[in-house]
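To start, the structure itself, in structure tokens.
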Amino acid sequence: MKAIVTTGIGGFDRLELRDVPVPEPRAGEVLLRVRAAGVNNTDVNTRLGWYSSDVTTATDAAEDGATPSSPADDRTAGGWNGATPFPLIQGTDCCGSVDAVGPDVDSAMIGRRVLVRPCMRPQGFGSMDNVWLGSNFDGAFAEYVRVPASEVFEVRSDWTDEELATIPCAYGTAENMLHRSAVTAGDTVLVAGASGGVGSAVVQLARRRGATVVALTSAAKMDRVRELGADRVLDRDSDPVAVLGEESVDVVVDNVGGGGFAAMLKVLRRGGRYVSSGAIAGPIVSLDLRTMYLKDLTLIGSTAWDEPVFPNLIAYIERSEIRPIIAGRFPLERIVEAQQALLKRTHVGKFVLVP
């Protein structure tokens, strides 16, 4: 089969189109024919070794050459959970059809169109231990992928394969943050980076919960974000404290980080919640602990998905309560162009690869 193999930490030259063996499903597994695969920031971050503590810059700066200074072979971190097992087929988002099953898996699954839950909890939902498709083991940037049968979810929907492939990582991450921060009707939610894959998902999913959504994005994307359901859209270059006032929102969902972090805490009401699963503008921020404890704020990290998150997403799709946003489609072999387009940050939604 054709696959994009990431050979190690580095630039776009680390992405190689290769012929590799089709994997065979083992006990408890299924083999999927990949119908479409979404492109995510985490694919870029993993290739760059951005999760290593050596890196203190934004993703875009890391792609320009600010990768960790120590040799890749000497580093034991850099992935979600320690060292990334290069060479690796990346690809966290997968819409596929079941092509074959392991010896103990029901053969009735063959032929079903499914989404893969990319965040997997191998020790059960009582443990925060987690592994990720395309980061800890081979993912969907290939014609076929082998995954645990317990992590595939049939979807009955008239959405296209490409539309379904926009959902798993971005919408799962977004729903997990809203679940963890207990967003309910009546909350006011401020969403930083509202035009990206995760941010645009947060806007939709927060509105679905009945929250009032205030979105931060670039001036060129404000109308598109408003169309997604944001009640109010602010230019990302504005000062949210000056525009909204201090103690004006209940929840901040922030996957941007960087220099805007301090303002995110200032706009939170007393007892407010701040939740993050990323830091595309930079992971090192300035925190005044007095702001946190004097306002009784809760800071929430969100990586391991909770049990209801993915089944809920499947239900939202089947009930047409959310909608996909495709920023562009590329054949698998044009992955570099897709990631370059992602890093330009001029899009709204998700880019998709089609094998």
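Throughout, read-outs are computed from the coordinates displayed, never taken from laboratory work. Predicted model only: the values in this text are computed from it and were never measured. Because the Cβ atoms are built from the backbone with ideal geometry, glycine has one as well, and the counts that use them run over all protein chains shown.
If you count, for each residue, the other Cβ atoms within 10 Å and average over each peptide, how do 23-31, 183-191 line up from highest to lowest?
183-191, 23-31
Rounded to the nearest 5, what % of the DSSP beta bridges within the chain are antiparallel ones? Once the DSSP bridges in the chain are tallied, antiparallel ones form about 55 percent. Using a simple spin-label model with pseudo-atoms 7 Å out from Cα toward Cβ, T346 and M292 lie 3.9 nm apart. Per-residue 3J(HN,Hα) values for the range 4-17, derived from phi via the Karplus relation 6.51 cos²θ - 1.76 cosθ + 1.60 with θ = phi - 60°, read 8, 9, 8, 8, x, 6, x, x, 4, 5, 7, 9, 10, 7 Hz in sequence order (x marks Gly and Pro).
Rounded to the nearest 0.05, what FRET efficiency do T56 and R334 give with R0 = 25 Å and r taken as the Cβ-Cβ distance? Could you check?
FRET efficiency, T56 to R334: 0.20.
The protection proxy used here, the mean number of other Cβ atoms lying within 10 Å of each residue, ranks peptides 107-116, 263-272 as follows, highest first: 263-272, 107-116. Packing-based ranking of 220-229, 292-301 yields 220-229, 292-301, ordered from highest to lowest mean Cβ neighbour count within 10 Å. Compared with the dominant Cα axis of the chain, that is its longest principal axis, helix 309-318 is turned about 80°. At full extension, D161 and D13 could sit 50.4 nm farther apart than now, given 0.36 nm per residue minus the alpha carbon distance. Extents of the chain, taken as max minus min of Cα coordinates on every principal axis and listed largest first, are 58, 48, 40 Å.
How much net charge surrounds V225 when only other residues with a Cβ under 15 Å from its Cβ are counted (Lys, Arg +1; Asp, Glu -1)? In short, +4. Taking each residue as 0.36 nm, the span from A220 to E307 lengthens on full extension beyond its C-alpha to C-alpha distance by 27.6 nm. Across the range 172-301, counting alpha-carbon atoms alone, Rg and Dmax equal 13.0, 38 Å.
Counted by Cβ distance under 11 Å from E154, the other residues give a net charge of +2, where Lys and Arg count +1 and Asp and Glu count -1. The count of lysine pairs in the chain that are at least 8 places apart or cross chains, and whose C-alpha atoms lie under 29 Å apart, stands at 6. Positive-end ranking of L17, V225, T46 along the dipole of the chain, with charges on Cβ about the Cα centre, is headed by V225. Compute the relative contact order of the range 175-257 as a whole-number percentage, counting only Cα pairs closer than 8 Å that sit 6 or more residues apart in sequence. About 35 percent, as a whole number. Per-residue ellipticity at 222 nm, computed for the chain from helices alone with -39500 (n - 2.57) per DSSP H run of at least four residues, works out to -6500 deg cm²/dmol.
Taking amide H positions as modeled 1.01 Å from N, with prolines and chain starts lacking one, the residues under 5 Å from A36 and 5 or more places away or on another chain are C95. Mean sequence separation of contacting Cα pairs (under 8 Å, at least six apart), scaled by the length of the chain, corresponds to a relative contact order of 19 percent.
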